[in-house]
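Chemist: Sharing a structure here in C-alpha cells format.
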Amino acid sequence: MKISNTIESLRTVIKQWHQDGLQVGFVPTMGHLHAGHMELVNQAKLSCDKVVVSIFVNPLQFNEISDYESYPQSLAEDQKQLINVKTDLLFLPDNEMMYAANQQLTTKVCVPGISQVLEGECRPGHFDGVSTIVNKLLNLVQPQQAFFGEKDYQQLLLIRKMVNDLNIPVDIKSVTTHREVDGLAMSSRNSRLSKLQRGIAPQLYGVLKKLAERISNNELSIVKAEAEAVSDLKRAGFVPEYVSVRNGSTLHTADEKSANRRVLAAVRLGEVRLIDNISID
Ligand code: PAF
C-alpha cells in the first residue's frame, strides 16, 4: 500500500493511474476503522482498478470541541486493516495541508435544505464542514467512484446533492449499514461506550425496528409511533435528540400515505452520540 502525506505525491500517483486508463475508487474516512469501513473498501475493490482511502479527522465538521478532541484514533491498526483488504493508496493529509491559511477563513461549500434539518439542526455547521472537506477530497483524489455508508444517511444524501449541484464527475455509491451481531450500527464512536453503555446501545436499532413494524402494519400513526419510540429510548437509558420518519430521498417529513419512508434517529448515551436509520417501506 502506498502512503501519501502530501498533495503533490497524491496527485502524481493519481495522474499516472488516470493516464493508464484505470478506474479510481475513493473511500474517505476519519480513521479508527472498523468492519463497516472495510466493507466500503471491499465494494470499491469490486468495481474499481485502484482504491484510495483517506484518513483525516476534519475539525471543520465538529460542532463540539470536546467531540473533536476525543475522537478515537488508531493509525497503526488502521494501516494493518487497509493492507489486509489490499488498499492501493492511503492519503493522510493534516490540518495545515487542508486548511493552510486558517480554518475559519476557508472557502466553504454549503448544501442548503438537506443540511439544515435533523443532524443539521442538532449540530450547527456540521454539514458545511462535511460538504467542504468531501468537495476538497474529491478535487484532490479525482475518483470516478466514491463510497459512503448508509449509517450516515443524511450525509449520503447531502453528498449526492452537492455532487449533482456542482457537476462533480464522480459516481456516489452507497453501502448498507454494517451492524454488530446484536444490531448496533458500526461506528468509530462505539469504542467510547462503557461496558454498561455498550450493553444498552443495540436497543436503538431494536426501537427503530419496532417503530418501522408499527407503521408498516398500520398499528400506530407516525406521530404516535415516533412518541412511543422516544419513550422506549428514554426507558432504556438514552437521551433522544430526534426520532423522525422522513422521505428517504428528500428528508421531508412523511405521512401515512408517503412512499419510500425512512426513520432516522439520534440519541446520547452518556457522552457518546449515536445515530442510526432504517427503511420503513
Ligand atoms: O463519514 C465520515 O467519516 C466523514 O464525515 C467524512 C465523509 C470522511 C468527511 O470527513
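The values are calculated or read from the model by the stated rules, or taken from the named source; none is laboratory data. Note that this is a predicted model, so its numbers are computed, not measured. FYI the Cβ positions are ideal-geometry reconstructions off the backbone, even for glycines, and counts take in every protein chain you see.
Chemist: Which condition number does D128 fail, the rest of (1) without any contact (Cβ under 8 Å) to a residue 24 or more places away in the chain; (2) more than 18 Å from V53 (Cα to Cα) being met?
Modeler: Going through the list (1) without any contact (Cβ under 8 Å) to a residue 24 or more places away in the chain; (2) more than 18 Å from V53 (Cα to Cα), D128 breaks only (1).
Chemist: How many residues, within region 86-97, are under 13 Å from K45 (Cβ atoms) and surrounded by fewer than 18 Cβ atoms within 10 Å (Cβ to Cβ)?
Modeler: 1
Chemist: Sticking with this structure for a sec: Looking only at residues that are in contact with a helix residue (DSSP H, G or I) (Cβ under 6 Å, 6 or more places away or on another chain) and within 13 Å of the ligand (Cβ to nearest atom) in region 20-52, which one is nearest to V181 (Cα to Cα)?
Modeler: L33
Chemist: Starting from residues that are farther than 26 Å from Q104 by Cα and more than 12 Å from the ligand (Cβ to nearest atom), keep the ones in region 129-163 and report whichever is surrounded by the most Cβ atoms within 10 Å (Cβ to Cβ).
Modeler: Checked region 129-163; the qualifying residue surrounded by the most Cβ atoms within 10 Å (Cβ to Cβ) is P143.
Chemist: Among (1) within 27 Å of H18 (Cβ to Cβ); (2) at pLDDT 95 or above; (3) away from the ligand (no atom under 15 Å from the Cβ); (4) surrounded by fewer than 22 Cβ atoms within 10 Å (Cβ to Cβ), which single condition is A100 missing?
Modeler: (2)
Chemist: If you check L196, L105, which single one turns out to be modelled with pLDDT of 95 or more and not aromatic (F, W, Y)?
Modeler: On the way: L105 fails: modelled with pLDDT of 95 or more.
Result of the check over L196, L105: L196.
Chemist: Now for a different question. Do we have any residue at all in region 64-85 that's surrounded by 20 or more Cβ atoms within 10 Å (Cβ to Cβ), at pLDDT 95 or above and assigned to a loop (DSSP other than H, G, I, E, B)?
Modeler: Among the residues of region 64-85, not one is surrounded by 20 or more Cβ atoms within 10 Å (Cβ to Cβ), at pLDDT 95 or above and assigned to a loop (DSSP other than H, G, I, E, B), which makes the answer no.
Chemist: Does any residue in region 51-75 that is among the small types (G, A, S) come within less than 8 Å, Cβ to Cβ, of a residue that is near the ligand (Cβ under 9 Å from one of its atoms) and assigned to a loop (DSSP other than H, G, I, E, B) six or more places away or on a different chain, and which pairs are these?
Modeler: Close Cβ pairs satisfying both conditions: S74/G31.
Chemist: Please work out which residue is nearest to N135 (Cα to Cα), limiting yourself to region 15-29 and to residues that are crowded, with 18+ Cβ neighbours inside 10 Å and in contact with a Ser or Thr (Cβ under 9 Å, 6 or more places away or on another chain).
Modeler: Of all residues in region 15-29, those crowded, with 18+ Cβ neighbours inside 10 Å come to 17, 24-29.
From the residues that got through so far, the ones that are in contact with a Ser or Thr (Cβ under 9 Å, 6 or more places away or on another chain) too are 25-29.
Numbers: G25: 15, F26: 12, V27: 13, P28: 11, T29: 14 Å.
Checked region 15-29; the qualifying residue nearest to N135 (Cα to Cα) is P28.
Chemist: Another question, then. How many residues does region 107-145 contain that are among the small types (G, A, S) and part of a helix (DSSP H, G or I)?
Modeler: 3
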